[in-house]
Amino acid sequence: MNEVDRREVAGLTTLEWLLIVAAVAGLGALGVVLVQNVVSGTAERVDSSDARQTAADLAVTELAERREAAIPTSPSEAAEINRRFTRRCRQLGIIYSDISLPVEPYPGTYITGNGWGPLDKHKPSCHL
């Protein structure tokens with residue numbers, strides 16, 4: 001058997017294995033650095049008050065959407081809706097008090113036969 005035949009039978013040499021292991025280790029290190037950068041960037045965004053502001057805005061928007069769906073058919077139902085939305089608005093003010101947003105709940109004005117009064121300002125609402 002000559003030298004070429006022995007090498008084909010023996011497989012990869014030590015130097016070739018070393019190069020393969022080094023390449024895999026380099027890819028692993030690159031992966032670790034990329035993950036650290038992503039985690040660090042996410043932590044900075046979550047740490048800022050912008051995330052809390054966005055959450056507060058979303059909560060108020062959800063409350064407004066629920067308010068649009070609540071149309072009273074009687075004065076007592078209107079009073080209950082006003083109480084419920086005022087209470088929820090104040091709860092949002094407490095939940096998001098760390099970002100120092102003033103909370104202003106506005107009760108709706110009930111008009112017999114029409115539900116809430118004319119114009120949007122007469123519906124119960126919450127402003128942060």
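Read the figures in this text as sums done on the coordinates, not as results from a lab. Everything numeric in this text was worked out from a predicted model, so none of it was measured. Cβ coordinates were reconstructed from backbone atoms using ideal geometry, including for glycine residues, and neighbour counts include every protein chain displayed.
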Order of Tyr96, Tyr106 from fewest to most other C-beta atoms within 10 Å? Tyr106, Tyr96
Which order results if Thr54, Thr109 are arranged by neighbouring Cβ count within 10 Å, fewest first? Thr54, Thr109
With θ taken as phi - 60° and the coefficients 6.51, -1.76 and 1.60, list the Karplus ³J(HN,Hα) couplings across segment 102-113 in order, rounded to whole Hz; mark glycine and proline as x. x, 10, 10, x, 10, x, x, 9, 8, 10, 4, x
For segment 59-70, in order, what is each residue's ³J(HN,Hα) by Karplus, 6.51 cos²θ - 1.76 cosθ + 1.60 with θ = phi - 60°, in whole Hz (x at glycine and Pro)? 5, 5, 5, 4, 4, 5, 5, 5, 5, 4, 7, 8
